[in-house]
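Data block below; observations after.
The values are calculated or read from the model by the stated rules, or taken from the named source; none is laboratory data. None of the values given here were measured: they were computed from a predicted structure. For neighbour counting, all protein chains shown are included, and Cβ atoms are generated from backbone atoms with ideal geometry for every residue, glycine included.
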Amino acid sequence: MNKLSIILTNILIILVTSCNSGEGEDVASDNKLKEKEITKKLLVEDYDFAVFENNNFITYNKAIYHRGDEVFMVLKNVGQFARGKDSLNRAEMKMEIFDAIGQRITIRENLFGLRGHADFKNNILKKPYASYETDSKDKIGKYNFKVTIFDLISGDSTFVNDDFYIE
């Protein structure tokens, strides 16, 4: 009986020690994640839903559209982008649309292409935008528009998402 107690005690010590060492790794990993969040430089100052008329974006605060309308999300002053060895910035953008139950119904990636490799004044993109053209097959209801901007040099990214409605 004494030997069994010693064996069980040793097993318990081994289990506790291995669990604690795993916790330390998780804490270290969490701290690295928090440090990365703190050093994040890519931010969006603001954004608006808009319509495009006469070659201009017109802010559309209602965020209510009709089937067949094109929904624009215009971001304002996205930055600070890092500069590469060629002294240029490198950005990319992804747009996603989700239906009322959270299922992604549209995704468009690499929206900047070569235009994303440029000299951004003060390392800021002034008004990047994405659009979603609704059609007669879209159901009436709530949708979510998500735009993600990537700094391809620093590896940083940021996103904006908000709901709009089709009636």
Being modelled with pLDDT of 95 or more, surrounded by fewer than 16 Cβ atoms within 10 Å (Cβ to Cβ) and closer than 30 Å to residue 85 by Cα is the requirement here; does residue 142 meet it? no
Among the numbered criteria (1) in a loop (DSSP other than H, G, I, E, B); (2) over 17 Å from the mean Cα position of the chain (by Cα), which one does residue 142 miss? (1)
Going by the structure shown, is residue 101 in the same structural domain as residue 127 (by TED's automatic domain parsing), part of a strand (DSSP E or B) and either over 21 Å from residue 152 (Cβ atoms) or at pLDDT 90 or above (or both)? no
Filter region 53-94 down to the residues that are in contact (Cβ under 8 Å) with a residue 24 or more places away in the chain, aromatic (Phe, Trp, Tyr) and within 16 Å of residue 145 (Cβ to Cβ) and list them by number. 57, 65, 72
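Pick out the one residue from 121, 85, 94 that is modelled with pLDDT of 95 or more and either in contact with a Gly (Cβ under 8 Å, 6 or more places away or on another chain) or surrounded by 13 or more Cβ atoms within 10 Å (Cβ to Cβ) (or both). Spell out the reasoning first.
Numbers: 121 fails: either in contact with a Gly (Cβ under 8 Å, 6 or more places away or on another chain) or surrounded by 13 or more Cβ atoms within 10 Å (Cβ to Cβ) (or both); 85 fails: either in contact with a Gly (Cβ under 8 Å, 6 or more places away or on another chain) or surrounded by 13 or more Cβ atoms within 10 Å (Cβ to Cβ) (or both).
Exactly one residue qualifies, and that residue is 94.
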Can you confirm whether region 55-65 contains a residue that is farther than 26 Å from residue 136 by Cβ and aliphatic (A, V, I, L, M)? no
